Amino acid sequence: MSDPRTLLEREIGAAQVSSLGALPLAEPRDEEQLCALLRLATREHLCVLPLGFGTKLAWRASSVADFALTTRALSGIVEYEPDEGVITARAGTTLAHLRARTAAERHWLTPFVAREERTSLGGAISAGQSGLDRLRFGPLRHHVLGLRVALGDGTVVKSGGRLVKNVTGYDMHRLYTGAHGSLCVVLEASLRLFSAPRRYAWLQVPGEGREWLEAAWRGAIRPLILALGRVENGWELGVLLGGAEEVVAEELALVQHAATLEGEAALTAARTFANTHTPEGACTRLECLPTGLGELLSRARGRCLVLPGVVTAQIEGAPPAAERPQRTLDRRIKQALDPHGVLAEVG
Amino acid sequence: MDPGLLRGLREILGEAGLVERRNQRVPYECDGLAFARQLPELVLLPRNTDETARCMRLLDEAHVPIVARGAGTGLSGGATPVEHGVLIGTSRMRAILEIDERNRFARVQAGVVNVDLSHAVEQLGLFYAPDPSSQKACTLGGNVAENSGGPHCFRHGTTTRHVLGLVIVTPQGEVLDLSKARAEPEGLDLVGFFTGSEGMLGVATELTLRLTQTPPVVETWLALFRELDEACECVSDLIRARAEPSAIEILDQLTIEAVEASVLRAGYPKEAGAVLLLELEGRESEVAAQARILEPLVRARGAFELRRARDPAERTRLWAGRKGAYGAMGRVAPDLYVCDAVVPRRKLRELVRETTAICEARGLKVANVFHAGDGNLHPNISYDRRDKEELARVLDAGDAILKACLAAGGTLSGEHGIGLEKIGAMEWLFTREDLAAMCRAREAWDPECRMNPGKLIPMRACMETRT
């Protein structure tokens, strides 16, 4: 049997095969090539690690694979009807590109995450990556309206659609979102969009911002973004207010704070905050109920981003070795959708 | 029914938990899809997760098919029993187990009626957001099975966005405890996948549900139009303008007449060709900002009147009229076929026109009352199910409506589900491979396909998966 790199080069040409550490990294230029690679892997009993830009690979515990496969060349917007409030794009499209395109039409794209120019749509969905705007809009998985994916054997299937309301068939996309590529390779996704506000105001406040969190929790303010980041001597709170002119003015008056930045500068500051505090590389996720926030903050070390609501914290450092044993049902679903075990397991 | 199995079930449930006599089983032979009927062999009414699990273990050993049922208000035949099958009802699982005010969630048994949860938390300034029209009767467990919607889902989202956790009894009778309220799933999103799976993966016995804070200001607006077309165009305008009310509903003239002639008498003006019912919520400044967006749009589309509900009593009456519209249609004919399809929101007018034309061409009376803001159409066809020929025309119209919606980029169901009703249409939308993937995911939960067999996925697709 030839080694994986030789097989890949034979299938799609050497120019499209590079390296990711010790692994050969295949970069198919279209869906046809991608599916051909999955069929090759099925035939040759090779194990594939799917990725976008690979920025969240360390979110999953170590994965054994024969080659990595990136969808980053599969990029571009497939359909965007601004009057419908839905966007459909290929997996390799960056969130930065989608945000710029939709912002021009007064839409807000969720999730708002760090380093969007290096975050692909498929990668965010596969990692189930919710944004700093989660308190306002909810987790990413609620806004994935439909997916087209390639299963391990190269079969292309879809679920959901491009409509804001839809209960037709099983929501297979709920299984695929957050599965870290273990069930399928995302090819194309449709996301629900929200109205972009008329006015933005950014505030960055030292401390744990308890009164802000309280105000947001009881609805006195409805920030677009609300997140805590760890700094040297404790925490700082990032708040992006957004809404009609008088709504933002009222919120600023309520919190007795002048906005430090407005308009595009406010969005830039929010991006900087996200980039500063979101861990790069290995990352552990902690969760607690809103009432458990204090205790969670006291446990955090290193670079750390905390999102309120049912609290999630992304904390620098590898997940502990004693991982939760995988549920039997998770395994059965994996076995059912990827019977040949082509796609790398999650840790 | 095997006497040994029956004895075992009786030991678990007692006499009160078994419905054996034929005449007592009759009420369970159909749900809201009244023309599909099948008498269940036996009805089981467990009181909790443990009883449900023990019963399901016995049924698993005996390979007996199972259909779960909440209040039977579903409209797609999701709770229609199957031949030689047992029906598990949740009507004795009515307890609210926990209300966590500070963390804003509730844990309830599956048989709790939708509106009862909102009533239970009202004093805390909270409510449960998904509000199907049948909310006074339908159960939260049924809502989870169908991923139910409702008028206010325009802003708050359908049931799936409000389910934080579930306790599921698998078809093998194992208890899968996923009840902990979580921000993100641990492993695969089994809770998200289960919600809306139409009772085909197991029985959810306990639900952890998100509670939403009651907004300080709620305003209900009524825009009256001479023509249904204008109301539809106005909704497309609102979406285009990025308006975000909490509900955008349309009622047409026939619906208004039926509601106003009924006991509901909500106060909808009978001279209107269509009513656009809008709800705005939030802080005062947010509501005022929303109102400023919608007023000029509504007037520009030719509304001859635009007004706010004067007081909470009028507001309640208007919504009671909207949600009671299906019942009120009983004045028009004995039966009502409630179609459910979704279309792109920029194509509302053309699709409402087309669905009306489809019904009229078949000599059928159609009324429209629908979740316009979500593009979720409900052409309601009045008929008499005793008239077989008329029923055939109704079903034919239903198919034609679905095909028209699909051709426009729409889909088969926005909130009622596929069930038995639209199972044949699944192949119009999904490829054999799409359906095979769904079958395989289902078989990971239920290899024998004993849970709610013959629903949602055409049998042929499943057979192909197995071969």
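Out of curiosity, is B:Gly398 over 17 Å from A:Asp338 (Cα atoms) and in the same structural domain as B:Cys359 (by TED's automatic domain parsing)? Don't jump to the end; show me each part of the working.
Details: over 17 Å from A:Asp338 (Cα atoms): yes; in the same structural domain as B:Cys359 (by TED's automatic domain parsing): yes.
Considered against the rule, which asks whether it is over 17 Å from A:Asp338 (Cα atoms) and in the same structural domain as B:Cys359 (by TED's automatic domain parsing), B:Gly398 comes out as yes.
Please enumerate the residues belonging to the range A:115-128 that are in a loop (DSSP other than H, G, I, E, B) and open to solvent by less than 10 Å² (accessible area, probe 1.4 Å).
First pass over the range A:115-128, keeping only residues in a loop (DSSP other than H, G, I, E, B): A:115, A:119, A:128.
The one that is in a loop (DSSP other than H, G, I, E, B) and open to solvent by less than 10 Å² (accessible area, probe 1.4 Å): A:Thr119.
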Picked from the range A:313-344 (must be facing chain B (nearest Cβ under 9 Å) and modelled with pLDDT under 85), the residue least open to solvent (accessible area, probe 1.4 Å) is A:Arg327
The condition from (1) outside any helix (DSSP H, G or I); (2) of a type outside the set (S, T, N, Q); (3) within 14 Å of chain A (Cβ to nearest Cβ); (4) more than 19 Å from the chain's Cα centre (by Cα) that B:Glu443 misses is numbered (1)
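Within the range B:71-79, is there a residue that is surrounded by 19 or more Cβ atoms within 10 Å (Cβ to Cβ) and on the phi > 0 side of the Ramachandran plot?
Keep residues of the range B:71-79 that are surrounded by 19 or more Cβ atoms within 10 Å (Cβ to Cβ), which gives B:71-79.
Then keep just the ones that are on the phi > 0 side of the Ramachandran plot; that gives B:72, B:77.
Yes: one or more hits.
Which members of the range A:56-87 meet the condition of being more than 14 Å from the chain's Cα centre (by Cα), more than 11 Å from every other protein chain (Cβ to nearest Cβ) and of a type outside the set (Gly, Ala, Ser)?
As a first pass, look at the range A:56-87 and keep what is more than 14 Å from the chain's Cα centre (by Cα): A:61-87.
Among the residues that remain, those that are also more than 11 Å from every other protein chain (Cβ to nearest Cβ) are: A:61-78, A:80, A:87.
Listed by number, the residues that qualify are A:Val64, A:Asp66, A:Phe67, A:Leu69, A:Thr70, A:Thr71, A:Arg72, A:Leu74, A:Ile77, A:Val78, A:Tyr80, A:Ile87.
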A careful count of residues in the range B:420-434 that are within 8 Å of chain A (Cβ to nearest Cβ) and surrounded by fewer than 18 Cβ atoms within 10 Å (Cβ to Cβ) gives 2
Practice problem: Answer yes or no: is there a residue in the range A:132-139 that is more than 22 Å from A:Leu240 (Cα to Cα) and in the same structural domain as A:Trp108 (by TED's automatic domain parsing). | Solution: no
Using the structure shown, decide if A:Arg285 is within 14 Å of another protein chain (Cβ to nearest Cβ), open to solvent by 40 Å² or more (accessible area, probe 1.4 Å) and among the basic types (Lys, Arg).
yes
Residue check, A:Phe112 of a type in the set (Phe, Trp, Tyr), in contact (Cβ under 8 Å) with a residue 40 or more places away in the chain and surrounded by fewer than 22 Cβ atoms within 10 Å (Cβ to Cβ): no
The helices (runs of 4 or more DSSP H) lying wholly within the range B:109-186 that contain at least 3 residues that are more than 9 Å from every other protein chain (Cβ to nearest Cβ) are B:114-121, B:140-146
Taking the range A:232-277 and keeping only residues that are more than 19 Å from B:Glu286 (Cβ to Cβ), modelled with pLDDT of 95 or more and not in a helix (DSSP H, G or I), one is left with A:Trp235, A:Glu236, A:Leu237, A:Gly238
Here the residues within the range A:1-57 that are assigned to a helix (DSSP H, G or I), closer than 19 Å to A:Gly123 by Cα and aliphatic (A, V, I, L, M) are A:Leu34, A:Leu37, A:Leu38, A:Leu57
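Name the residues in the range B:363-391 that are among the charged types (D, E, K, R) and either touching a Ser or Thr at 6+ places or on another chain (Cβ under 8 Å) or in a helix (DSSP H, G or I) (or both), would you? I'd like the intermediate steps shown before the answer.
Applying the first criterion (among the charged types (D, E, K, R)) to the range B:363-391 yields B:365, B:374, B:384-390.
Answer for the range B:363-391, where residues must be among the charged types (D, E, K, R) and either touching a Ser or Thr at 6+ places or on another chain (Cβ under 8 Å) or in a helix (DSSP H, G or I) (or both): B:Lys365, B:Asp374, B:Lys388, B:Glu389, B:Glu390.
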The lone condition A:Leu193 fails out of (1) touching a Gly at 6+ places or on another chain (Cβ under 9 Å); (2) of a type in the set (A, V, I, L, M); (3) within 14 Å of chain B (Cβ to nearest Cβ); (4) over 22 Å from A:Gln129 (Cα atoms) is (4)
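Only one of B:Thr208, B:Thr214 is of a type in the set (S, T, N, Q), surrounded by fewer than 23 Cβ atoms within 10 Å (Cβ to Cβ) and in contact (Cβ under 8 Å) with a residue 40 or more places away in the chain; which? Give the derivation first.
On the way: B:Thr208 fails: surrounded by fewer than 23 Cβ atoms within 10 Å (Cβ to Cβ).
Just one listed residue meets the conditions, B:Thr214.
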Within the bounds of the range A:161-173, is there any residue that is open to solvent by 20 Å² or more (accessible area, probe 1.4 Å), more than 13 Å from chain B (Cβ to nearest Cβ) and in contact (Cβ under 8 Å) with a residue 24 or more places away in the chain? no
When (1) in contact with a Leu (Cβ under 9 Å, 6 or more places away or on another chain); (2) farther than 26 Å from A:Glu214 by Cβ; (3) open to solvent by 20 Å² or more (accessible area, probe 1.4 Å) are applied to B:Val113, the one that fails is (3)
Of (1) within 13 Å of another protein chain (Cβ to nearest Cβ); (2) under 22 Å from the mean Cα position of the chain (by Cα), A:Gly243 satisfies every one except (2)
Exactly one of B:Leu297, B:Leu277, B:Leu336 is over 23 Å from B:Thr355 (Cα atoms) and either of a type in the set (A, V, I, L, M, F, W, C) or modelled with pLDDT under 95 (or both), and that one is B:Leu297
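To keep it simple, each residue is scored yes or no on (1) within 11 Å of another protein chain (Cβ to nearest Cβ); (2) under 23 Å from B:Thr139 (Cα atoms); (3) acidic (Asp, Glu).
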| site | (1), (2), (3) |
| --- | --- |
| B:Glu198 | yes, yes, yes |
| B:Gln213 | yes, yes, no |
| B:Phe225 | no, no, no |
| B:Leu228 | no, no, no |
Yes/no for A:Leu183 being closer than 24 Å to A:Glu27 by Cβ, at the interface with chain B (Cβ under 9 Å from one of its Cβ atoms), touching a residue at least 12 places away in the same chain (Cβ under 8 Å) and open to solvent by less than 10 Å² (accessible area, probe 1.4 Å): yes
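The values are calculated or read from the model by the stated rules, or taken from the named source; none is laboratory data. If you're wondering where the values come from, they're calculated on a predicted model, not measured in any experiment. Backbone-built Cβ (ideal geometry, glycine too); neighbour counts: all protein chains shown. Just the protein is used for accessible areas: all its heavy atoms, side chains included, with ligands, DNA and RNA removed. Shrake-Rupley method; radii C 1.70, N 1.55, O 1.52, S 1.80 Å.
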